[in-house]
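The structure appears below as structure tokens.
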Amino acid sequence: MTVTDIAPHERISDRHDLELLETLKAARGSLREQIAHKIVGQAEIVENLLAAVLAGGHALLIGVPGLAKTLLLQTLSEALALQFSRIQFTPDLMPSDITGTELLEEEQGTGKRIFAFVKGPVFGNIVLADEINRAPPKTQAALLQAMQEHSVTVASKTYALPEPFFVLATQNPIENEGTYSLPEAQLDRFMFELRLGYPSRDEEELIVTSTTGSTEGVVKPVLSGPQLQELQRLVRRLPAAPTIVRYAVDLVRSTRPSDPTSSADVRKYVSFGAGPRASQYLILGAKARAAMDGRAAPDIADIKSVALSVLRHRLVLNFQAEAEGVTVEKLVKLGS
């Protein structure tokens, strides 16, 4: 696919938009450089996090303890000059501990007693939901409205969250006791599921050296909140050619066992495939990756670069897949 596949009136040609693309391309390099002051390696994870932020999506990070998941997200917020808020999920965490609550206070001057809303930690730009699966379902559900509508409702009043707004959640994959699996409805609201692996030997030596000395990395802001919002709008304005949209939809539909285009492996191992939101996120993720490269339109390679992150948590495998060791990664690789 080339830019000529897109109708002339749909192409990005405005001088300001082209300048924004160049700004984003330069900012991408600067962001990676700043994040590298505190984070060693994880280049692909950083790329996908940036893509999720530019697309206005949320991300779920899964990795064993000690891989700097929390530090990565905090460093990202520093590089973007956004308000960072951390919520440590625990079994006794209540919904009001996240959203906030109304307290009875005495009004100065009049002495009247009034209810005043005290904002919870969800009122931030980047909200880290640390170990999100440790809280019970009713508390997890408190994030659903925030993630989807960028607002929370308390005592019949709706409060808008600050923009830009992202939920970046973490999970520990090796502990199952005292945890609650996220419902499919909430998983579907995460644009990406990202898996953090162990660092290479050289990276691990560098991590140990840099974190056990007296020098601490300093992260300088690269973009401001208003700049980021402008770049988000730019990403959405990038046109996607009909062939690209068709490829994304075909890929998602091929994950559904009931669809005639699905493979024998999908029909054998998958109980439920991905829904339409996956198609939307494939296109948004592809647009973000293209914009980060300074390109005015996404191509099929961009779709493939985000496909696994978008589909990984949206396919529900059956018992036979578990028994035979078939993973979503294998199925997506076969399908893409």
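The values are calculated or read from the model by the stated rules, or taken from the named source; none is laboratory data. Since we're looking at a predicted model, the values are computed, not measured. Glycine also receives a Cβ, built like all others from the backbone with ideal geometry; neighbour counts cover every protein chain displayed.
Residues that are touching a strand residue (DSSP E or B) at 6+ places or on another chain (Cβ under 8 Å) and not aliphatic (A, V, I, L, M) occur in segment 174-184; there is at least one.
Taking the stated definitions as given, is residue 279 farther than 21 Å from residue 45 by Cβ, of a type outside the set (Lys, Arg) and in the same structural domain as residue 28 (by TED's automatic domain parsing)? Spelling it out, residue 279 is indeed farther than 21 Å from residue 45 by Cβ, of a type outside the set (Lys, Arg) and in the same structural domain as residue 28 (by TED's automatic domain parsing). Those strands (runs of 3 or more DSSP E) of segment 157-258 in which at least 1 residues are under 30 Å from residue 65 (Cα atoms), considering only elements entirely within it, cover 166-171, 192-195.
Anything in segment 200-216 that is among the charged types (D, E, K, R) and surrounded by 12 or more Cβ atoms within 10 Å (Cβ to Cβ)? List them, or say none. Outline the logic, then answer.
Here is the first cut: in segment 200-216, the ones among the charged types (D, E, K, R) are 201-205, 216.
The answer is 203, 204, 205.
Let's see how each residue does on (1) among the aliphatic types (A, V, I, L, M); (2) out of contact with any strand residue (DSSP E or B) (no Cβ under 8 Å at 6 or more places or on another chain); (3) under 26 Å from residue 35 (Cβ atoms):
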site: 62; (1), (2), (3): yes, no, yes
site: 65; (1), (2), (3): no, yes, yes
site: 71; (1), (2), (3): yes, yes, yes
site: 82; (1), (2), (3): yes, no, yes
site: 91; (1), (2), (3): no, yes, no
site: 96; (1), (2), (3): no, no, no
site: 101; (1), (2), (3): no, no, no
site: 121; (1), (2), (3): no, no, yes
site: 152; (1), (2), (3): yes, no, no
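Residue by residue through segment 308-329, note down the ones that are closer than 21 Å to residue 258 by Cβ and either surrounded by 14 or more Cβ atoms within 10 Å (Cβ to Cβ) or in contact with a Gly (Cβ under 8 Å, 6 or more places away or on another chain) (or both). Matches in segment 308-329: 310, 311, 312, 313, 314, 315, 316, 317, 318, 321, 326, 328. If we scan segment 297-305, do we find a residue that is among the small types (Gly, Ala, Ser), within 24 Å of residue 257 (Cα to Cα), surrounded by 21 or more Cβ atoms within 10 Å (Cβ to Cβ) and touching a residue at least 24 places away in the same chain (Cβ under 8 Å)? The answer is no, given that none of the residues of segment 297-305 is among the small types (Gly, Ala, Ser), within 24 Å of residue 257 (Cα to Cα), surrounded by 21 or more Cβ atoms within 10 Å (Cβ to Cβ) and touching a residue at least 24 places away in the same chain (Cβ under 8 Å). Which residues, taken from segment 27-56, are touching a strand residue (DSSP E or B) at 6+ places or on another chain (Cβ under 7 Å) and not β-branched (Val, Ile, Thr)? Within segment 27-56, 48, 49, 52 qualify.
For residues that are of a type outside the set (S, T, N, Q) and out of contact with any Gly (no Cβ under 9 Å at 6 or more places or on another chain), tally how many sit in segment 70-84. Of the residues in that region, 6 qualify.
Taking first residues from segment 114-127 that are not assigned by TED's automatic domain parsing to the domain that holds residue 83 and partners that are surrounded by 19 or more Cβ atoms within 10 Å (Cβ to Cβ), no Cβ contact under 6 Å between residues at least 6 apart in sequence or on separate chains turns up. Of the set (1) surrounded by fewer than 20 Cβ atoms within 10 Å (Cβ to Cβ); (2) in contact with a Phe, Trp or Tyr (Cβ under 9 Å, 6 or more places away or on another chain); (3) hydrophobic (A, V, I, L, M, F, W, C), all apply to residue 167 but (1).
Would you be able to say whether some residue in segment 90-99 is acidic (Asp, Glu) and under 24 Å from residue 134 (Cα atoms)? Can you show your working first?
Let us first name the residues in segment 90-99 that are acidic (Asp, Glu), namely 92, 97.
Then drop every residue that is not under 24 Å from residue 134 (Cα atoms), which leaves 92, 97.
Yes, segment 90-99 has at least one match.
The set of residues in segment 297-321 that are among the small types (Gly, Ala, Ser), modelled with pLDDT under 90 and outside any loop (DSSP other than H, G, I, E, B) contains only 321.
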